[in-house]
Amino acid sequence: MIKALETILDIVYPKRCLWCGEILDFGGGEPFCVSCKNRLEGFGSLEYRDERGFALFNYDGEIRSRILSLKYDGRHDLGTAFGYLIYKAFVENGFKMDFDEVLPVAISSKRLKKRGYNQTELMAEEFSRLSGIPVGKGLIRIKETLPQNKLNIDERKTNVRDAFGTDRSFEGKSLLLIDDIYTTGGTIDACFEALYSAGAKTVKFCTAAKTYFKKDG
């Protein structure tokens, strides 16, 4: 009965590629069309990785355009796309998913009101749906900050220092933090500090992209 209903819904409301919006072939399991799937695989392996986590892509070109559309154009489907790609990276690289909760990086109430949604929460929700790890709450933004893209390296770190807090205990929890862009690591550092102060056992991160400052000359 459920399968028949899903088939009818696919016919009436055909699924679209999460990346480009094209209608997908009926009955296909992938959330991307063939063209986008091949293009995304062409971006290669993880752009950045250290002992605390990883970033999927370089924040440039098509990836940059998609993240900006996710953040400012209401493209919720791209949040789902990046959440799926993060999950896929865990599976394909054999990374353990032994987390108690997955946490989106919090945005300020002012930005949430203006934007209407938190793009990192959309990513976390899709990762949660696929992995079965619940989306946690309790990481909060306690300081209004300037947009990071308008600041230099030192200003970025100062800007987000003490910007995050918690409104609950994370005692003994293993947590996965999800964000859209990693640049200096200042936001990740500030979130880690807040979560460990709240008792977290371990915290890892993953982001959709890694951006770099261009060197002078």
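Observations
- Criterion applied to 66, 39, 49 was being at pLDDT below 95, under 23 Å from residue 92 (Cα atoms) and among the charged types (D, E, K, R), and the one residue passing it is 39.
- Matching residues in segment 108-121 - criterion: being open to solvent by 30 Å² or more (accessible area, probe 1.4 Å) and either in a helix (DSSP H, G or I) or touching a helix residue (DSSP H, G or I) at 6+ places or on another chain (Cβ under 8 Å) (or both): 109, 110, 111, 112, 113, 114, 115, 121
- Test: residue in segment 62-83 that is under 26 Å from residue 20 (Cα atoms) and in contact with a Lys or Arg (Cβ under 6 Å, 6 or more places away or on another chain): yes
- Across segment 175-205, the number of residues qualifying as of a type in the set (Phe, Trp, Tyr), closer than 16 Å to residue 48 by Cα and open to solvent by 10 Å² or more (accessible area, probe 1.4 Å) comes to 1.
- Qualifying residue in segment 41-55 (condition: at negative phi, part of a helix (DSSP H, G or I) and open to solvent by less than 60 Å² (accessible area, probe 1.4 Å)): no
- Answer residue from segment 89-112, given it is charged (D, E, K, R) and touching a Gly at 6+ places or on another chain (Cβ under 9 Å) and is farthest from residue 178 (Cα to Cα) among those: 100
- Verdict on residue 66 being open to solvent by less than 70 Å² (accessible area, probe 1.4 Å), within 18 Å of residue 204 (Cβ to Cβ) and charged (D, E, K, R): no
- Criterion violated by residue 91 - all others in (1) β-branched (Val, Ile, Thr); (2) at pLDDT 95 or above; (3) within 15 Å of the chain's Cα centre (by Cα) satisfied: (3)
- For segment 130-163, the set of residues classified as in contact with a helix residue (DSSP H, G or I) (Cβ under 8 Å, 6 or more places away or on another chain) and at pLDDT 95 or above consists of 130, 131, 133, 134, 135, 139, listed by residue number.
- Taking each residue of segment 180-205 that is aromatic (Phe, Trp, Tyr) and looking for partners that are assigned to a strand (DSSP E or B) and open to solvent by 30 Å² or more (accessible area, probe 1.4 Å) with beta-carbon atoms closer than 7 Å, six or more apart or interchain, yields 182/48.
- Every pair of residues 6+ apart whose Cβ atoms lie under 8 Å, when the first sits in segment 67-95 and is closer than 20 Å to residue 117 by Cα while the second is open to solvent by 50 Å² or more (accessible area, probe 1.4 Å) and part of a loop (DSSP other than H, G, I, E, B): 69/75; 74/116
- Those residues of segment 96-114 which are in contact (Cβ under 8 Å) with a residue 40 or more places away in the chain and under 23 Å from residue 162 (Cβ atoms), in sequence order: 101, 103, 104, 105, 106
- Taken as a whole, the structure leaves residue 172 outside the set of residues that are assigned to a loop (DSSP other than H, G, I, E, B), open to solvent by 10 Å² or more (accessible area, probe 1.4 Å), modelled with pLDDT of 95 or more and touching a Phe, Trp or Tyr at 6+ places or on another chain (Cβ under 9 Å).
The values are calculated or read from the model by the stated rules, or taken from the named source; none is laboratory data. Everything numeric here is computed off the predicted structure, so don't read it as measured data. Using ideal geometry, Cβ is built from the backbone for each residue, glycine included, and neighbour counts are taken over all protein chains shown. Accessible surface is based on the protein model in full, side chains and every heavy atom, while ligands, DNA and RNA are left aside. Shrake-Rupley method; radii C 1.70, N 1.55, O 1.52, S 1.80 Å.
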